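Where a number appears in this text, it was derived from the coordinates with a stated rule and is not lab data. Predicted model only: the values in this text are computed from it and were never measured. Using ideal geometry, Cβ is built from the backbone for each residue, glycine included, and neighbour counts are taken over all protein chains shown.
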Amino acid sequence: MNWEAISAIGQIVGAIAVVISLIYLAREVRRNARATRHAAMRATLDSFNRLAQQLTQDPDLAGLYCRACDDFEALEAVDRTRFGWFMHQIFRNMEDVYYQNLQGHLDPHLWRGLEVAMRDMNTAPGVQAWWRSRSQYFGGEEFAKFINQIQQTTTPHDD
């Protein structure tokens, strides 16, 4: 029996096993990363859906939203605060989605739809007034530039 040949075969089998293990590990890491991105995307969309649900289920909030979109500055202090915090939630979600897209974690089709919604919301004069008064709360310079650019290139429309 040739111990050198047996040792060589053992090393080859060991090397093949290591390669197979590395391939398996790489596939699992990719699958886990995809699942993590999907979960983050789902959480963001769920958050947007909860905000939309608030508007549809609370007539007072829906009315406030409509009034504020027309003229944020005309609101009384309490309503301006309520609308402001509601917008803060929406814009935090927008910021999250924006950075997820920049990092390549968002499906391009989903991004296009969300970007259209962002652009549409930012046509409202009250939303623009709120943003001008609160944009400093958002630390991402790229996001602020993105919203400023949207607001400069969109025009209000009638719903």
Estimate the FRET efficiency between Ala117 and Val29 by the formula 1/(1 + (r/R0)^6), using the beta-carbon distance for r and 25 Å for R0, to the nearest 0.05.
0.15
How large is the dipole of the chain about the Cα centre if only Lys and Arg carry +1 and Asp and Glu carry -1, each at its Cβ, rounded to the nearest 20 debye?
600 debye
When the chain is fully extended, how far beyond the present Cα-Cα distance does Ala43 get from Ile6, taking 0.36 nm per residue of separation?
7.8 nm
Out of Val29, Asn93, Gln103, whose Cα points farthest toward the positive end of the dipole of the chain (charges: +1 Lys, Arg; -1 Asp, Glu; placed on Cβ)?
Val29
Options (i) 10.3; (ii) 11.5; (iii) 13.8 - which one matches mean projected area of the Cα convex hull in nm² as calculated here:
(iii)
Give me the extension gain from Arg50 to Ser133: residue separation times 0.36 nm, minus the current Cα-Cα distance, reported in nm with one decimal.
27.4 nm
What distance in nm lies between label points placed 7 Å from Cα along the C-beta direction at Val78 and Ile16?
7.8 nm
